[in-house]
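Taking it in order: structure first as structure tokens, then the write-up.
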Amino acid sequence: MPLDHRRLCGPEESQPPSLWAALAAEDEDEEGAGAAPRDPCSLRPLFARAGLLSQAQGSAYVELGSGTKVLCAAWGPREAAEPGPGRLLCEFRRAPFAGRGARGRPGGLAEREAEREAAAALREALEPAVRLGRYPRARLAVSALLLQDGGSALAAAVSAAALALADAGVEMYDLAVGCALCRPPAATAAAWMLQPAEPEERRAAARLTLALLPALNQVSAVLGGGQGGPPEDWAQALRLGLDGCHRQYPVLRQSLLRAAQRRDAAAAAAAAAAASVA
């Protein structure tokens, strides 16, 4: 009997995709239950590097130990059509491969709404750090791309975006440092956890993300929600988050300093090469 080559022959036996989705969810629950308890006050390893992209005036890459990876690009002042003080334009996007497991429709309404909310929160956190008064009738732009979501993505985006703006030479009062916290469902007296991973955020009863200007000791943005308990518990979370921001600040400053040193060394090498040719 001749074969029909216009059709793909499927397997003789098959299972519905929902079966594998249920098994993956069970595996994640077992991993979370079997994981060793983490010190709620400990920070995850942080890697930051500025000056990566040659196509942008400023850029930065931030990676957390939980797996979150954010790449940001910034562009300096550009003339705006409308008069008035300087404006900061922020964009937040998720890569198609950023999340684990099943993903909704790319570019769907829910995803676009989540990206708009994240961009608005990013702008709220960065505006107090930028000296917009020095850029009248100009626009500053920053774009954040979430490469991998391992938890605390918005906080990592705030730190990366501030690094990118500083790398672009934008005048700033200070670097904005982001820090995220969550409160597990079965909360104890000291249950707030710094820099939660994605499974911890998904099961959390309350979340909190804050941005701090450490040199000025000024909070630029606070975004939280959920059942966090009485006001004293939220105050405890704020104190823990402020301490986390202060501890991340030297790492970000050092990465910015190294980027400036690399730029100066490259300029000196180019000048020496030009002089030798002449």
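The values are calculated or read from the model by the stated rules, or taken from the named source; none is laboratory data. Quick caveat: nothing in here was measured; it's all calculated off a predicted structure. With ideal geometry, Cβ positions are generated from the backbone for all residues, glycine too; neighbour counts draw on all protein chains shown. We work out accessible area using only protein heavy atoms, side chains counted, and drop any ligands, DNA or RNA first. Shrake-Rupley method; radii C 1.70, N 1.55, O 1.52, S 1.80 Å.
With respect to the conditions (1) in contact with an Asp or Glu (Cβ under 6 Å, 6 or more places away or on another chain); (2) over 19 Å from ARG49 (Cβ atoms); (3) crowded, with 22+ Cβ neighbours inside 10 Å, GLY150 lacks only one, and its number is (2).
Could you pull out the residue among GLN236, GLN218, GLN248 that is touching a residue at least 12 places away in the same chain (Cβ under 8 Å), in contact with a Ser or Thr (Cβ under 9 Å, 6 or more places away or on another chain) and surrounded by 11 or more Cβ atoms within 10 Å (Cβ to Cβ)? Break it down into steps so the answer makes sense when it comes.
On the way: GLN236 fails: in contact with a Ser or Thr (Cβ under 9 Å, 6 or more places away or on another chain); GLN218 fails: in contact with a Ser or Thr (Cβ under 9 Å, 6 or more places away or on another chain).
After ruling out the rest, the residue left standing is GLN248.
State the number of residues belonging to region 47-57 that are under 16 Å from the mean Cα position of the chain (by Cα) and open to solvent by less than 70 Å² (accessible area, probe 1.4 Å). So that I can check it myself, show each step before the final result.
If we filter region 47-57 for residues that are under 16 Å from the mean Cα position of the chain (by Cα), which is where we start, we get 47-50.
Subset that is open to solvent by less than 70 Å² (accessible area, probe 1.4 Å): 48, 50.
The qualifying residues number 2.
Here is a yes/no grid of residues against (1) closer than 20 Å to ALA48 by Cβ; (2) of a type in the set (Phe, Trp, Tyr); (3) in contact (Cβ under 8 Å) with a residue 12 or more places away in the chain; (4) surrounded by fewer than 20 Cβ atoms within 10 Å (Cβ to Cβ):
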| site | (1), (2), (3), (4) |
| --- | --- |
| LEU208 | no, no, yes, no |
| GLY226 | no, no, yes, yes |
| GLY229 | no, no, yes, yes |
| GLN261 | yes, no, no, yes |
| ALA267 | no, no, no, yes |
| ALA270 | no, no, no, yes |
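Taken over region 115-139, the criterion of being in a strand (DSSP E or B) and modelled with pLDDT of 90 or more is satisfied by VAL130 alone. When region 71-85 is filtered for residues that are crowded, with 20+ Cβ neighbours inside 10 Å and either in contact with a Ser or Thr (Cβ under 8 Å, 6 or more places away or on another chain) or part of a loop (DSSP other than H, G, I, E, B) (or both), the ones remaining, listed by number, are LEU71, CYS72, ALA73, ALA74.
Checked against (1) part of a loop (DSSP other than H, G, I, E, B); (2) at pLDDT below 80; (3) touching a helix residue (DSSP H, G or I) at 6+ places or on another chain (Cβ under 7 Å), GLU28 meets all criteria but (1). Among residues of region 100-113 being part of a loop (DSSP other than H, G, I, E, B) and either of a type in the set (Phe, Trp, Tyr) or out of contact with any helix residue (DSSP H, G or I) (no Cβ under 8 Å at 6 or more places or on another chain) (or both), the one that is modelled with the highest pLDDT is GLY108.
Filtering region 241-269 down to residues that are of a type in the set (A, V, I, L, M, F, W, C) and under 19 Å from the mean Cα position of the chain (by Cα), which residue is farthest from ARG207 (Cα to Cα)? Give the steps one after another, and end with the answer.
Of region 241-269, the ones of a type in the set (A, V, I, L, M, F, W, C) are 242, 245, 251-252, 256-257, 259-260, 265-269.
Filter once more, so that each one left must be under 19 Å from the mean Cα position of the chain (by Cα): 242, 245, 251-252, 256.
Details: LEU242: 15, CYS245: 16, VAL251: 24, LEU252: 24, LEU256: 29 Å.
So the residue we want is LEU256.
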